Each structure stands twice: as C-alpha cells, then as structure tokens.
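Right, one structure below, let's go through it.
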Amino acid sequence: MEENKIDSVDEYIMNSPPELHERLEKLRKVIKEAAPDAGEKISWGMPTFVLHGNLVHFAVHKNHIGFYPAPSGIEAFKDELAEYKSSKGAVQFPIAKPLPFELISNIVKFRAAENKKSAEEKLEKKK
C-alpha cells in the first residue's frame with residue numbers, strides 16, 4: 001500500500017486488501033460510535049481519529065491490524081489485551097481472528113474521556 005498518497009480513511013480502506021474492507025469499515029464504525037464527536041484524518045500514513053488531540057489510529061499490516069490507542073489505552077486494558085501481542089502504545093489483532101469490537105469500543109470510550117478531561121484541565125489553567 002502506498003500510504004504516502006492516501007488522503008482519506010475511505011481511500012485507505014479502498015487501498016487495503018479487498019478481503020479486509022468490510023472488517024475495516026466495521027472498525028471505523030465502532031470507533032465513530034464510541035466517540036461520535038471525533039474527526040478522522042490520515043496521520044503517519046494511517047487512519048487517525050482525533051478528539052482534543054489524537055484519539056486512536058489503526059493500520060493494516062501483513063498479518064495483523066495494528067490498533068494504536070496511546071500508552072494509556074494499552075495500560076488501562078492490559079488484562080483484556082493480554083492474549084494479543086502489544087507494546088507501549090500498540091496492539092496487534094491477528095488478521096486470522098475476529099476483531100474484538102466490544103473491547104475496541106471500550107478503549108476508544110476510555111481514550112475519549114481521557115482526552116476530554118485533559119482538554120478541560122488545559123482550559124482551566126488558562127483561566
């Protein structure tokens with residue numbers, strides 16, 4: 001996939017392997033439902049959802065779909081994510097397995113609340 005030429009999430013999904021289109025659209029829908037006020041863009045060559053800053057990203061790789069909810073999102077759900085390969089700010093969902101949409105939704109809701117709180121705190125400091 002030539003990510004540097006992708007300008008929208010629609011384009012990203014359409015340039016992904018066809019067998020993943022439906023799953024990626026569902027992932028996008030789950031994220032939007034969990035954070036209805038979030039915007040979307042392409043950042044670092046991958047679909048990015050923003051709400052008071054970066055919220056979550058996802059990306060297609062050869063054998064997995066990477067999900068990037070920031071280190072706080074990984075830490076807060078480390079027990080639920082234990083069966084997946086993960087690092088400080090990323091988790092790998094194997095392409096051969098169904099995506100854990102309910103877990104993803106919960107992580108996105110957590111991150112949205114976290115970003116909202118952070119934005120409110122910044123606003124308070126400015127007063």
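Before moving on, here are some points about what is shown:
- With Cα atoms, 0 to 90° folded angle of helix 21-34 axis to the chain main axis: 10 degrees
- Cα convex hull, region 71-125: 75 Å³ per residue, rounded to a whole number.
- Candidates 31, 95, 13: whichever shows maximal mean-square fluctuation once the chain is modelled as a Gaussian network with Cα springs under 10 Å: 95
- Kirkwood Rh, Cα atoms: Rg over Rh of region 3-126: 0.97
- MRE, 222 nm, helices only [DSSP H, n ≥ 4, -39500 (n - 2.57), over the chain, to nearest 500]: -13500 deg cm²/dmol
- Principal-axis analysis of the Cα atoms of the chain puts helix 101-126 at an angle of about 30° to the longest axis.
- Among 50-61, 73-84, the order from most to least packed when residues are scored by Cβ within 10 Å on average: 50-61, 73-84
- Per-residue ³J(HN,Hα) for region 52-58, Karplus 6.51 cos²θ - 1.76 cosθ + 1.60, θ = phi - 60°, Hz, x for Gly and Pro: 6, x, 4, 9, 8, 10, 9
- Across the chain, Cα pairs under 8 Å and at least six residues apart give a relative contact order of 22 percent.
The numbers here are math on the coordinates, done by the rules we state, and not lab data. Please read all numbers here as calculations on a predicted model, not as lab measurements. Positions of Cβ are backbone-derived with ideal geometry, glycine not excepted, and every protein chain shown enters the neighbour counts.
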